[in-house]
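Single-structure report; data block below.
Computed from the coordinates by the stated procedures, all read-outs in this text should not be read as laboratory data. It should be emphasised that the depicted structure is a prediction, and the values quoted were computed from it without experimental measurement. Cβ: placed from backbone, ideal geometry, glycine included. Neighbour counts: every protein chain shown.
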Amino acid sequence: MTGLPWDASYHDGPVPWDIEGPQPAIVRLAAEARFAGPVLDAGCGSGENALHVASLGLPVLGVDVAETALARARAKARDRGIEAEFAVADALNLELLGRRFETVLDCGLFHTFDGDERLGYVTSLASVTEHGGTLYVLCFSDGGPDTGPHPVSEEELRGAFAAGGGWNLVSVEPDRVHTRYHDDGAPAWLAQIRRT
Ligand SMILES: C[S@@+](CC[C@H](N)C(=O)[O-])C[C@H]1O[C@@H](n2cnc3c(N)ncnc32)[C@H](O)[C@@H]1O
């Protein structure tokens with residue numbers, strides 16, 4: 001588990017990716033009724049995206065390695081009167097959850113893994129995504145200017161979910177990831193990937 005450094009990042013002031021609200025791309029997906037429950041938010045952070053989806057009445061589990069972020073997510077759920085579950089789990093070993101989800105969301109986690117880790121992560125995601133279910137990945141793209149850290153090329157994204165690995169990459173569209181230090185977000189990919 002890579003939890004301790006991640007947890008530490010939540011100790012000193014707001015983290016750059018925590019915009020204290022859901023990502024506009026995720027709000028759009030939700031408005032288009034693209035989420036079906038149960039939903040897993042992998043690397044949920046302080047829970048804004050998970051809570052937005054849960055507020056629509058869908059059962060949602062958010063997992064993260066950072067206990068501090070999860071405590072914040074639970075407190076927000078309580079304060080807002082939203083039912084959502086938050087648990088510590090390593091996204092590289094999601095099979096340990098022993099559960100399956102119709103929709104899996106990755107907002108800002110995929111791009112934090114390097115090439116070797118990505119292979120294991122994609123296998124881990126497959127272990128918890130129902131056949132016919134959908135994975136959404138919102139990650140920094142290399143379509144600059146002003147890219148976020150660890151930007152991913154379209155080829156890398158397509159390669160990670162190549163046919164034959166139990167996935168069908170339905171679409172990869174340019175989008176934005178909003179952060180505390182980009183005025184109008186950083187260039188991103190929004191990928192819709194179907195579990196075969
Ligand atoms: C860039 S942040 C994005 C957080 C959240 N999805 C959001 O949009 O605000 C990445 C998150 O992934 C978590 N994380 C990193 N490695 C992880 C792992 N192996 N398993 C689960 N969570 C992980 C970090 O603790 C952090 O909260």
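Taking helices (runs of 4 or more DSSP H) that fall entirely within the range 62-167, which contain at least 1 residues that are closer than 20 Å to residue 190 by Cα?
Fully inside the range 62-167 and qualifying: 115-128, 154-160.
Of (1) surrounded by fewer than 16 Cβ atoms within 10 Å (Cβ to Cβ); (2) over 23 Å from residue 58 (Cα atoms); (3) touching a strand residue (DSSP E or B) at 6+ places or on another chain (Cβ under 8 Å); (4) in contact (Cβ under 8 Å) with a residue 24 or more places away in the chain, residue 173 satisfies all except one. Which?
(4)
Surrounded by fewer than 14 Cβ atoms within 10 Å (Cβ to Cβ) and in contact (Cβ under 8 Å) with a residue 12 or more places away in the chain: is that true of residue 164 in this structure?
For residue 164, the condition - surrounded by fewer than 14 Cβ atoms within 10 Å (Cβ to Cβ) and in contact (Cβ under 8 Å) with a residue 12 or more places away in the chain - is not met.
Looking at the range 60-76 only, could you name the residues that are closer than 13 Å to residue 45 by Cα, more than 8 Å from the ligand (Cβ to nearest atom) and either among the polar types (S, T, N, Q) or buried (at least 19 other Cβ atoms within 10 Å of the Cβ) (or both)?
61, 62, 68, 70, 73, listed by residue number.
Please find, within the range 9-47, the residue that is farthest from residue 126 (Cα to Cα) out of those that are acidic (Asp, Glu), assigned to a loop (DSSP other than H, G, I, E, B) and within 12 Å of the ligand (Cβ to nearest atom).
20
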